[in-house]
Amino acid sequence: MSAATENPWVPMVEGIARRTLVSGTTMLQVVVALAAGSHLPEHHHPHEQIAHVVRGKLRLVVAGVLHDLEPGESLYLAGNVPHSAEALEETVVIDTFSPPREDFLAQDSAARGT
């Protein structure tokens, strides 16, 4: 079964949803769709993260430092560093986490009803 069939879109906050693309023993990759003007509040997690903008414009604030990313640009976020995101226009991001986010995998399972 393909990841597109297996893993549904999971809402994160209003205007932002994610879908797991693939997960291994040390990494997890998700696609995130952000509506223009949507905002992911400041948060942190122990996982390392790489955010890669596929389409649109994304404003990340990482430990108080502003980063505006455009298509083709990526940013590394160390674990446990506070960060937030705002879509300056309709945006698609690929996020890679290490280790895998068990919370995301559990949400995927619940969304699939498994």
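Brief remarks follow.
- Restricting the first member to segment 65-90 and to residues that are closer than 18 Å to residue 29 by Cα, and the second to residues that are among the polar types (S, T, N, Q), the beta-carbon pairs closer than 6 Å and six or more apart or on different chains are 77/49.
- Cβ-Cβ distances below 9 Å connect the following pairs, each with a first residue in segment 96-109 that is of a type in the set (Val, Ile, Thr), a second residue that is assigned to a strand (DSSP E or B) and modelled with pLDDT of 95 or more, and a separation of six or more residues or different chains: 96/28; 96/29; 96/30; 96/48; 96/49; 96/50; 96/51; 96/52.
- Filter result for residue 103 (assigned to a helix (DSSP H, G or I), at pLDDT 95 or above and open to solvent by less than 30 Å² (accessible area, probe 1.4 Å)): no
- Qualifying position, being at positive phi and of a type in the set (A, V, I, L, M), among 63, 111: 63
The values are calculated or read from the model by the stated rules, or taken from the named source; none is laboratory data. Owing to the predicted nature of the structure, the values given are computational and were not obtained by experimental measurement. All Cβ positions, glycine included, derive from the backbone under ideal geometry; neighbour counts span all protein chains shown. Keep in mind that these areas ignore ligands, DNA and RNA; they rest on the heavy atoms of the full protein, side chains included. Shrake-Rupley method; radii C 1.70, N 1.55, O 1.52, S 1.80 Å.
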